[in-house]
Amino acid sequence: MNKNANPATTLTIDLKKYRIRIFKQALHLMGDPKYIQFLVNPARMEVALLAVDKQLPRDQTHKVNMHTLLSENSIEIYSMSFINKLCEVVGGLESNLNYRLSGEVLVDKRAAIFSLKTIRRTGAMESHDET
């Protein structure tokens, strides 16, 4: 593996429940942030996950529950505004299905970038026990 390569990761989205699953390895690579932000760039067809140190009013910041992070393979965050924006940008997503995005962790920037061009349907939300 190339030492300069950014580690690959995935983001799983449940449109029906407005749920986003982030795998703990990505969060560890991002420095185990206290909070994260979801950013959508429609022009580049990308989603970014950004580590932040504090929550600001009206900033759409989500607290990372460290208890869940330590006991499971992933954390789940619920965000109707993010899911609605994602559906608006991508279009044609079915509200009763789950989707997965492929991306990479930018360790030095404490962020992860996911291309919306990689979005694909998955089965039911994977259980925490699967690897």
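Each value in this text was obtained by applying a stated rule to the coordinates, not by laboratory testing. Predicted model only: the values in this text are computed from it and were never measured. Positions of Cβ are generated from backbone atoms using ideal geometry, with glycine treated the same way; all protein chains shown enter the neighbour counts.
What the table below lists for this structure:
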read-out: Sparsely packed trypsin sites (Lys or Arg not before Pro) within the range 18-119, loop by DSSP, other Cβ within 10 Å at most 13; value: R44, K54, R58
read-out: Cross-link pairs beyond the 18 Å C-alpha cut-off, checked among K24/K85; K34/K54; K24/K63; K34/K63; K34/K85; value: K24/K85; K34/K85
read-out: Additional length obtainable on full extension of the chain from R44 to K16, 0.36 nm per residue less Cα span; value: 7.5 nm
read-out: Fully extended contour minus Cα-Cα distance, from R100 to D32, at 0.36 nm per residue; value: 22.3 nm
read-out: Qualifying chymotrypsin sites (Phe, Trp or Tyr not before Pro) for the range 21-59 [loop in DSSP, other Cβ within 10 Å: at most 13]; value: none
read-out: Calculated FRET efficiency for the pair V107/S81, C-beta based, R₀ 35 Å, to 0.05; value: 0.80
read-out: Charged-residue dipole, Cβ positions (Lys, Arg, Asp, Glu), the range 8-122 about Cα centre, Debye nearest 20; value: 140
read-out: Least to most buried among S81, S115, S74 (fewest other Cβ within 10 Å first); value: S81, S115, S74
